[in-house]
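Colleague: One structure coming up, written as structure tokens, with questions to follow.
The values are calculated or read from the model by the stated rules, or taken from the named source; none is laboratory data. Computed from a predicted model, the values in this text were never measured in an experiment. Here the Cβ is made from the backbone with ideal geometry for all residues, glycine too, and neighbour counts use every protein chain on show.
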Amino acid sequence: MKFKKTYLETALKDLGFAHFTEIQQAVIPKALDKRDVIGVSETGSGKSHAFLLPVFDHLDEHKTNVQALIIAPTRELAMQIEKMAKHLASFSPLPIDIRTYSGGKDRLREIERLHKSQPQIVIGTPGKLYDLAIKENALKIYKTNTLIIDEADMSLDQGFLPTLEALINITDQKAQLMLFSATMPKPLRDFVKKSMTHPHEAVFEQRRLEKLPIQHYFLKASPDKELMTLDRLLEVLNPYLSLIFANTKESVIEIYGIMKNAGYKVTMMHGDLSARERKQVLRDIEKLNVQYIVASDIASRGIDIEGISHVINVGLPRDMSFYIHRSGRTGRMGKSGDCYTIYTDRHHQQFKALLKENIPLNFIDVKNKEIILKQKDQKMLKEMPKKKNPKPSKKEDVKPGYKKKHHQKQKQQKRRRR
């Protein structure tokens, strides 16, 4: 795969690219031809570079208008894309103006700077971009050549589709549109039909859990004793880097506080962190200043964190598709991983979903600061209730008084025999 900009080859060597991933091989040639593109694959499959490399290859560094607009559903993801983009730009012989817009920044200063000059590559969250481009008309995106929507299913979940449509409507109708997502639900498919022109589709199914090099361990806790059980588990684990998932923001904050007070190298990710706090969290993770990240599903989704050796679930999620997303954060790049789940008797329904995944379920206990395997929890692994026998057909309907008539018939037969 060759690029017009030779500095991109240097950048890829610096990244240690040995070969392109499946999604990159399928998307990059079409994107270089300015085709509309749909890319569907899981987080961590290389989607970001699949669209960033064509963006830089098409960029005219001499023009000072917005040439590419990249929309991400969260501040963390926008910051992650910014980091990748600035790495590529650092190898360019000419300066490239890249700016990221998300909540929590000095809005007036941003508007003032936009009145003086426009960036060449824009990365931002939907609400912030709508504010600057449509409400304030300070960010001039109508000349952009390429518009990219990353993690589109997350934008759908957060109700951003109307905002995305509004942003698309003020861009050039001839602009290239690329959409990337982990899944493609029907509302998103309908959005694609309205917004894209004969897009090239590169769809890669999510790897099934049973085929991933992950061991799944389940540790039972008494009701309302999950945090005490987590404490026992943490005493025996020594992960390289671990993601601890909780089902609510309040639980994330509580677990983080307990672990911080206990002396663990820990940080947290949830939706209410300020922009400054989010930046610091990502820096700490990148520099390996922490060993544990306590996170909610929404805050962590879309963020590709390298080197996750252990995933710990404090409780199972109601939507078991999140279990797949969570556990799939480890066991990557040819390495194995471990997924520990603390559960209670309340999680019977979730275990029914787990049985369908055909993954080996290892039940454990922690005693004397050691993990020991135990017998399967038969109570949680009961089979799905058997369907009730269908009602007999009309021919087989049991009529009222059947037994009485049957006895009378038997008596008549006996009399005849006599």
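Colleague: If I ask for residues that are part of a loop (DSSP other than H, G, I, E, B) and in contact with a strand residue (DSSP E or B) (Cβ under 9 Å, 6 or more places away or on another chain), which ones from the stretch 214-236 would you list?
Modeller: As a first pass, look at the stretch 214-236 and keep what is part of a loop (DSSP other than H, G, I, E, B): 221-225, 235-236.
Result: Ala221, Glu235, Val236.
Colleague: Taking the stretch 75-120, which residues are of a type outside the set (A, V, I, L, M), part of a helix (DSSP H, G or I) and surrounded by fewer than 17 Cβ atoms within 10 Å (Cβ to Cβ)? Give the derivation first.
Modeller: Start the filter on the stretch 75-120 by keeping residues that are of a type outside the set (A, V, I, L, M), which leaves 75-76, 80, 82-83, 86-87, 90-93, 95, 97, 99-107, 109-110, 112-113, 115-120.
Filter once more, keeping what is part of a helix (DSSP H, G or I): 75-76, 80, 82-83, 86-87, 107, 109-110, 112-113, 115-116.
Those that are of a type outside the set (A, V, I, L, M), part of a helix (DSSP H, G or I) and surrounded by fewer than 17 Cβ atoms within 10 Å (Cβ to Cβ): Lys83, Lys86, His87, Arg107, Arg109, Glu112, Arg113, His115, Lys116.
Colleague: Please go through the stretch 94-109 and pick out each residue that is among the acidic types (Asp, Glu) and within 27 Å of Leu59 (Cα to Cα).
Modeller: If we filter the stretch 94-109 for residues that are among the acidic types (Asp, Glu), which is where we start, we get 97, 106.
If the condition is that a residue be among the acidic types (Asp, Glu) and within 27 Å of Leu59 (Cα to Cα), then Asp97 is the only one that fits.
Colleague: Take the stretch 166-200 and flag every residue that is over 20 Å from Lys47 (Cβ atoms), part of a loop (DSSP other than H, G, I, E, B) and not polar (S, T, N, Q).
Modeller: The answer is Ile170, Asp172, Lys174, His198.
Colleague: Of the residues that make up the stretch 9-24, is at least one on the phi > 0 side of the Ramachandran plot, assigned by TED's automatic domain parsing to the domain that holds Leu161 and touching a helix residue (DSSP H, G or I) at 6+ places or on another chain (Cβ under 6 Å)? Let's see the steps before the verdict.
Modeller: Just the residues of the stretch 9-24 that are on the phi > 0 side of the Ramachandran plot, to begin with: 16.
With the extra rule that they be assigned by TED's automatic domain parsing to the domain that holds Leu161, the set shrinks to 16.
Going one step further and asking which of them are touching a helix residue (DSSP H, G or I) at 6+ places or on another chain (Cβ under 6 Å), we end up with none.
No, the stretch 9-24 contains no residue that is on the phi > 0 side of the Ramachandran plot, assigned by TED's automatic domain parsing to the domain that holds Leu161 and touching a helix residue (DSSP H, G or I) at 6+ places or on another chain (Cβ under 6 Å).
Colleague: May I pose another question? If I filter the stretch 213-225 down to residues being over 25 Å from the mean Cα position of the chain (by Cα) and of a type outside the set (Lys, Arg), which single residue comes out as nearest to Leu355 (Cα to Cα)? Show your work before the answer.
Modeller: From the stretch 213-225, those over 25 Å from the mean Cα position of the chain (by Cα) are 220-225; that's our starting set.
Next, only the ones that are of a type outside the set (Lys, Arg) stay: 221-224.
Values: Ala221: 20, Ser222: 22, Pro223: 23, Asp224: 25 Å.
Among residues in the stretch 213-225 that are over 25 Å from the mean Cα position of the chain (by Cα) and of a type outside the set (Lys, Arg), the one nearest to Leu355 (Cα to Cα) is Ala221.
Colleague: Here's a follow-up. Can you confirm whether the stretch 84-100 contains a residue that is at pLDDT 95 or above and under 18 Å from Ala166 (Cα atoms)?
Modeller: No - not one qualifying residue is present in the stretch 84-100.
Colleague: Further question: If I go through the stretch 90-141 residue by residue, how many of them are closer than 28 Å to Asp153 by Cβ and either among the aliphatic types (A, V, I, L, M) or outside the structural domain of Lys63 (by TED's automatic domain parsing) (or both)?
Modeller: 10
Colleague: If only one of Thr144, Thr163 is in a loop (DSSP other than H, G, I, E, B) and either under 27 Å from Met79 (Cβ atoms) or among the basic types (Lys, Arg) (or both), which one is it? Working first, answer last.
Modeller: Values: Thr163 fails: in a loop (DSSP other than H, G, I, E, B).
It is Thr144.
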